[in-house]
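One structure is given here, and the rest of the page talks about it.
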């Protein structure tokens, strides 16, 4: 009788151990799966390396590296960075790949750069267009401070969780349904002080037109979410903001959504597609009360909903 009770106790303990292990494994799988299905997007105006801005870039640059490493965004759209600034960040943030060029093409002027994590994404396509009457001609528009957009089409690198198989069949020629891609657009609008209100409005219309040119043609095509980040030098609720997102009550599929509800500030992360906002944060990173830029970065975490 005593031996029977002991065996029962042992069996119960083994069962509980297996159940706990299974629970732990399931939780780990869920965490890993959740990690694959989420993306952290940041927009950050670096403040160009002005000789009159204090603290100087020689101090600010290391703070920016520390801040980015601390928050570890997957995607970063930067504004105002000159080539030396972008190159410094690229050199220090080796976990990222950087694309983008200056507002007049090549190395000239302030860059509109997109950083993305090399261990998570692969670049499929990228390009730049000008915010002007001739978008394909870099440097067009006003002679001083022309504005551009950098965009990239990125693919999520497929890394199955331990013990999981690839979603692709062994022979997947002609098989596209598991492809997960998305677009990132990054820009910096004209300032109101320049008297460019009409240019900002038309820039919003042009960007929306370019974004919607990538809409899927039919239901057989995989939805590709779009993230538009930048310094828009405009306030939520104004004409520029409404051009992108409507009045907040529209079901128009050609419009974007604002990740901040209600909208905040002039630095925005707008989006469209089969994703939802998990969190929104305006980062208050400083060193003894000194800030690495005159803008605070915006960080938004999204979840893909198509699986």
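List of remarks:
- Qualifying residue in the range 237-252 (condition: within 21 Å of residue 148 (Cβ to Cβ), surrounded by 15 or more Cβ atoms within 10 Å (Cβ to Cβ) and touching a residue at least 60 places away in the same chain (Cβ under 8 Å)): no
- Some residue of the range 207-215 being in contact with a helix residue (DSSP H, G or I) (Cβ under 9 Å, 6 or more places away or on another chain) and either under 19 Å from residue 261 (Cβ atoms) or touching a residue at least 24 places away in the same chain (Cβ under 8 Å) (or both): yes
- Screening the candidates 193, 242 for the property of being outside any loop (DSSP other than H, G, I, E, B) and at pLDDT below 95 yields one hit, 193.
- All positions within the range 253-265 that are surrounded by 16 or more Cβ atoms within 10 Å (Cβ to Cβ) and modelled with pLDDT under 95: 263
- Selection status of residue 86, outside any loop (DSSP other than H, G, I, E, B), more than 21 Å from residue 50 (Cα to Cα) and either touching a residue at least 24 places away in the same chain (Cβ under 8 Å) or within 20 Å of the chain's Cα centre (by Cα) (or both): no
- Selection from the range 266-295 of residues that are surrounded by fewer than 18 Cβ atoms within 10 Å (Cβ to Cβ), under 18 Å from the mean Cα position of the chain (by Cα) and without any contact (Cβ under 8 Å) to a residue 60 or more places away in the chain: 274, 276, 277, 279, 280, 281, 282
- Subset tally (residues that are in a strand (DSSP E or B) and either out of contact with any strand residue (DSSP E or B) (no Cβ under 6 Å at 6 or more places or on another chain) or crowded, with 19+ Cβ neighbours inside 10 Å (or both)) for the range 296-307: 4
- Test for residue 92: is it without any contact (Cβ under 8 Å) to a residue 60 or more places away in the chain and either touching a helix residue (DSSP H, G or I) at 6+ places or on another chain (Cβ under 8 Å) or exposed (fewer than 14 other Cβ atoms within 10 Å of the Cβ) (or both): yes
- Taking the conditions (1) in contact with a helix residue (DSSP H, G or I) (Cβ under 8 Å, 6 or more places away or on another chain); (2) surrounded by fewer than 19 Cβ atoms within 10 Å (Cβ to Cβ); (3) over 21 Å from residue 66 (Cβ atoms) in turn, residue 223 satisfies each one other than (1).
- Residues of the range 180-190 that are in a loop (DSSP other than H, G, I, E, B) and touching a strand residue (DSSP E or B) at 6+ places or on another chain (Cβ under 9 Å): 180, 189.
- Single unsatisfied condition, residue 220 versus (1) in a loop (DSSP other than H, G, I, E, B); (2) touching a strand residue (DSSP E or B) at 6+ places or on another chain (Cβ under 8 Å): (2)
- Residues (surrounded by 21 or more Cβ atoms within 10 Å (Cβ to Cβ) and either at pLDDT below 95 or assigned to a helix (DSSP H, G or I) (or both)) located in the range 68-80: 68
- Residues of the range 115-157 that turn out to be over 26 Å from residue 37 (Cβ atoms) and under 13 Å from the mean Cα position of the chain (by Cα), as a count: 0
- Restricted to the range 104-129, and to residues there that are in a strand (DSSP E or B) and in contact with a helix residue (DSSP H, G or I) (Cβ under 9 Å, 6 or more places away or on another chain), the residue that is nearest to residue 203 (Cα to Cα) is 129.
The values are calculated or read from the model by the stated rules, or taken from the named source; none is laboratory data. The structure presented is a predicted model; accordingly, all values stated were derived computationally and were not measured. Cβ sites come from the backbone with ideal geometry, for glycine too, and all protein chains shown count toward neighbours.
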